[in-house]
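Before any comments, here is the structure.
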Amino acid sequence: MSIEHKADVAPLWTPSPARIEDAAITGFRRWCENEYRIPLPSHDDFHAWSIADRERFWSAVWSFCDVIGQRGERALVHGDDMLEARFFPDATLNFAENLLARRGSGDALVFRGEDKVAYRWSWDRLHGMVSRLQQAFRALGIGTGDRVCAMMPNMPETIACMLAASSIGAIWSSCSPDFGEQGVIDRFGQIKPKLFIACDAYWYNGKLQDVAQKVRNVEPTIGAPVLVVHYAGEAEALASALRDGRTLDALVAPFVPKVVEFEPLPFSHPVYILFSSGTTGIPKCIVHSAGGTLLQHLKEHRFHNDLREGDRLFYFTTCGWMMWNWLVSGLASGATLCLYDGSPFFPDGTVLWNFAAEEKVAIFGTSAKYIDAIRKSGILPMRSHDLTALRLVASTGSPLSPDGFSFVYEGIKSDVQLASISGGTDIVSCFVLGNPVKSVWRGEIQGPGLGLAVDVWDDEGTPVRGLKGELVCTKAFPAMPLGFWNDADGGKYEAAYFGRFPNTWCHGDFAEWTGHGGIVIHGRSDSTLNPGGVRIGTAEIYNQVEQMDEVAEAICVGQDWDDDVRVVLFVRLASGVTLDADLEKKIRSRIRSGASPRHVPAKVLQVSDIPRTKSGKIAELAVRDMVHGRSVRNKEALANPEALQLYRDLPALRR
């Protein structure tokens, strides 16, 4: 039985008839009806057709979104075989060309670096910098298939470097400058870049974070020339201290802007290499195609988020999270990107809302943890900021709790679409996400993406409704990875996604369909709890305890115990609060009444910190390994690896 939405009798938000009529997804559905002479009276009919006739659906996305390129004759070959399927095998396009279709003096990029730096680039300035970088990259001998890697803040220069690399067919890969030395080497060392780009320093929480020594230390192992971008430090000094370093200003100085030349490339040409979180070993290098990424992002931005030309699009992300890649593709819809780098709570918790109000942001994206944090802090943007322009709030990174859903409408804006979204680095996009023509129900993601045959299966591979199971996709789609880097026979790639169910993508999420056609994500399958043989999603426990004022955040793992598994809950408490018998009883009671008796932990322990990945996700598997006395194989993937020691050899877990 579902516990997330059983008491809800009305949606939190329903689009008005005028909003439904004006939505791009409505116009696209009607375009498909006219183009293919088929009746598609409802969105559900539209989704069913989009997975039944993928050739025509994805061809329609290409045409309706005015993709620049040559589509070719064939839209899909070997469509019944997920490992062999190929979309648009005859097509050619250039990823950067599609993102740079707009010109003019209007804002393309608006940047804030905490309260220290603020500037904006027009479309023409962006074009000019991409042109100069393209010429400079070619002068360095960078060409099609070469890798360009960056350890950079989320700033305009980073986007320009990516676009310049993509324009000539080089493959882009990035991380944020807070990565440790080994984390940088573990990622970029595997893919042997032709150029390594790094900032000189960055700001976080009001403090200058110098990276000069880190850059010097990783340079020999990465083995590529280093391009130093000035941000907060001494770029010239760092460049001169390197074996083969130069500043961005020096690199582009010989070149003047001209028309950017875009290399026509196959639809399946690699555009990005992204990395798995790496907490269970060396990160996997996931290779994504230019065509698949472009089509999927256009579909999500324009239809599921209703992004329009000229809209201000914001997503709080670093360059080490796939949401950065997702955000940048907003340029292909003519949107202005609002970029922020630094702490979302410096100088205080209103900084992102100040940015959103001042720039009239239409789409504001963030993490579930951030929404919960501002809810607990008492910040109410609805009362303090003019958010008239805001149409959509997006949340991802972890499941948004039902109380988080309610807070968006009670504390941020009452008339706004809330798009809780879920997918990941594996597909650089979403499986389930928002829908501007459907209602938002508390605790539920609105539904599956168009063109994606998403389902929930039990352990035997049987579709289930109203029960928890594995989130799967049963048909090939363009945004599937090309594979893993250095996986010549594809064995690791096949094992990662197709080892559980033959010819079916198993995503590793523990999910459930709702009665409204929505989805609830209960957590990752590999971190689900199994006391007494009953699978429990960790998100179900977090949804209860993290709504308590006394609990700042929590992490839950299963501990092998007495030939079974017992649930262990660790809580980081609010300032000044201590876990005593009364609070422990209150926590257990909240879980019992809000979830079920099976969810009640056998142990509740207080900790001062909870380990999380660089993208902000709590590291359940790493904590589970520590609890069992196993080593954590790649601590460099964590933002705060020192927190792991809090879970080692705890006396309370020996009895």
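Would you mind estimating how fast the range 457-498 diffuses translationally, via Stokes-Einstein at 20 °C and 1.002 mPa s with the Kirkwood radius over Cα pairs, in µm²/s?
Numbers: Rh = 12.4 Å.
So the translational diffusion coefficient is about 173 µm²/s.
Distance from the Cα centre of the range 88-136 to that of the range 474-497, in angstrom?
Cα centres, the range 88-136 to the range 474-497: 30 Å.
Which of Lys192/Lys635; Lys376/Lys468; Lys299/Lys369; Lys360/Lys413; Lys413/Lys614; Lys603/Lys635 have a Cα-Cα distance over 19 Å?
On the way: Lys192/Lys635 22 Å; Lys376/Lys468 29 Å; Lys299/Lys369 26 Å; Lys360/Lys413 14 Å; Lys413/Lys614 29 Å; Lys603/Lys635 26 Å.
Pairs exceeding the cut-off: Lys192/Lys635; Lys376/Lys468; Lys299/Lys369; Lys413/Lys614; Lys603/Lys635.
What accessible area, in Å² to the nearest ten, does a 1.4 Å probe give for Ser16?
Its heavy atoms expose roughly 50 Å² to the probe.
What's the extension gain from Phe255 to Ala139 if we count 0.36 nm per residue and subtract their Cα-Cα distance? Kindly include the intermediate steps, with their values, before the conclusion.
On the way: separation 116, 0.36 × 116 = 41.76 nm, distance 1.03 nm.
Once the chain is fully extended between Phe255 and Ala139, it gains 40.7 nm.
With labels modelled as points extended 7 Å from the Cα through the Cβ direction, what inter-label distance (nm, one decimal) is found for Ala488 paired with Ala52?
The answer from the label model is 4.5 nm.
Post the alpha-carbon centroid distance, the range 269-331 to the range 16-77, in whole angstrom.
Distance between centres, Cα-based: 22 Å.
Determine the equivalent ellipsoid of the range 369-408 by diagonalising the alpha-carbon gyration tensor, then write out the semi-axes as square roots of 5 times the eigenvalues, largest first, rounded to whole Å.
Working: eigenvalues 64, 35, 13 Å².
Largest first, the range 369-408 gives 18, 13, 8 Å.
Once the piece of chain linking Ser63 and Arg19 is laid out straight, how much longer is it, given 0.36 nm per residue of separation minus the C-alpha distance between them? Write out the running numbers ahead of the final one.
Values: separation 44, 0.36 × 44 = 15.84 nm, distance 2.37 nm.
Length difference between fully extended and current span is 13.5 nm.
Using a 1.4 angstrom probe and counting only protein chains, how large is the accessible area of Arg465 in Å², to 10?
Accessible area of Arg465: about 150 Å².
Suppose we look only past 22 Å in the calculated P(r) of the range 378-518. What percent of the Cα-Cα pairs does that tail hold? Walk me through the numbers before you get to the answer.
Numbers: 4550 of 9870 pairs.
That fraction is 46 percent.
Pop a pseudo-label 7 angstrom from the Cα along the beta-carbon direction at both Thr221 and Leu650 and give the gap in nm to one decimal.
3.1
For the range 56-111, state the average projected area of the convex hull of the C-alpha atoms over all orientations, rounded to one decimal in nm².
On the way: hull surface 23.0 nm².
It is 5.7 nm².
What translational diffusion coefficient, to the nearest whole µm²/s, does the chain have by Stokes-Einstein, given a Kirkwood radius computed over alpha-carbon pairs, a temperature of 4 °C and 1.567 mPa s viscosity?
Working: Rh = 25.4 Å.
My calculation gives 51 µm²/s for D.
Assuming R0 = 45 Å, what is the FRET efficiency of Ser122 and Gln70, from their Cβ-Cβ distance, to the nearest 0.05?
Values: r = 30 Å, r/R0 = 0.66.
Calculated value: 0.90.
Tell me, what is the percent relative contact order of the chain, built from C-alpha pairs under 8 Å that lie six or more residues apart?
Working: 1415 pairs, mean separation 87.1, N = 655.
RCO, the chain: 13 percent.
Report the accessible area of Lys635, computed with a 1.4 Å probe over the heavy atoms of all protein chains in place, in Å² rounded to the nearest 10.
Lys635 has an accessible surface of roughly 80 Å² with all protein chains in place.
Which of rounded, prolate or oblate describes the range 135-282 when judged by the alpha-carbon gyration tensor and an a/c cut-off of 1.5?
On the way: a/c = 1.69, a/b = 1.18, b/c = 1.44.
It comes out oblate by the Cα gyration axes.
Taking the Cα atoms of the range 446-579 alone, what are Rg (to one decimal) and Dmax (as a whole number) in Å?
17.9, 55
Kirkwood Rh over alpha-carbon pairs of the range 265-366, then Stokes-Einstein at 37 °C and 0.692 mPa s: what D in µm² s⁻¹, rounded to an integer? All intermediate terms of the calculation are to be shown ahead of the outcome.
Working: Rh = 15.0 Å.
This corresponds to a translational diffusion coefficient of 218 µm²/s.
Only residues of the range 519-545 count here: report those whose backbone N is under 13 Å from the spot 7 Å along Cα→Cβ of Leu621, or say none.
524-528
When N is the residue count of the range 1-112, what does its C-alpha Rg come to as a fraction of 2.2 N^0.38 Å?
On the way: Rg = 19.1 Å, N = 112, 2.2 N^0.38 = 13.2 Å.
The range 1-112 yields a ratio of 1.44.
What is the distance in Å between the Cα centres of the range 363-440 and the range 553-584?
Taking the Cα centre of the range 553-584 as reference, the centre of the range 363-440 is 28 Å away.
The values are calculated or read from the model by the stated rules, or taken from the named source; none is laboratory data. What you see is a predicted model; the values in this text were computed from it and never measured. Note: ideal-geometry Cβ built from the backbone for every residue, glycine included; neighbour counts use all protein chains shown. All accessible areas refer to the heavy atoms of the entire protein, side chains included, with ligands and DNA or RNA removed. Shrake-Rupley method; radii C 1.70, N 1.55, O 1.52, S 1.80 Å.
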